[in-house]
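Okay, so here's the structure we're looking at.
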Amino acid sequence: MKSLVKLAFLTAALGLFSVLASAAAGSPADKSAKPAAYPLATCVVSGEKLGEMGAPIDYTYKQAGQPDRLVRFCCKSCIKKFEKDPAKYLKKLDEAAAKAPAAKADPHAGHNH
């Protein structure tokens, strides 16, 4: 009986730990996950072209009740700037994403053949 109680306690503790870990604020993106489509070729904070200052830094922004968001930065110092006002930069990403599908919808649109 004691073994069963210990097992139940450990299972509950591990479940709580995973919930708490996934609820953490922003964190570096999981490198094993397939990168999501990203609407910009530039750092959302500095405007620098991604890759010019080394490999871009993938960051997962987490907010309760919202899906996780991939944000790419040119350097670590931009993460701190982003964290001061995430809504400002997320708005830029949303605007870029809204424009991207329209431009890619039909490359032949408007051409007479």
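A short reminder: the numbers here are calculations on the coordinates, not readings from a lab. What you see is a predicted model, and the numbers here were worked out from it, not measured in a lab. When we count neighbours, we look across all protein chains shown, and the Cβ atoms used for this are built from the backbone with ideal geometry, even at glycine.
A quick yes/no check of all residues on (1) at negative phi; (2) not polar (S, T, N, Q):
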residue: C43; (1), (2): yes, yes
residue: S46; (1), (2): yes, no
residue: G54; (1), (2): no, yes
residue: Y59; (1), (2): yes, yes
residue: A64; (1), (2): yes, yes
residue: C74; (1), (2): yes, yes
residue: C78; (1), (2): yes, yes
residue: D85; (1), (2): yes, yes
residue: L90; (1), (2): yes, yes
Qualifying residues in the range 56-72 (those that are within 15 Å of A96 (Cβ to Cβ) and of a type in the set (D, E, K, R)) - the one surrounded by the most Cβ atoms within 10 Å (Cβ to Cβ): R72
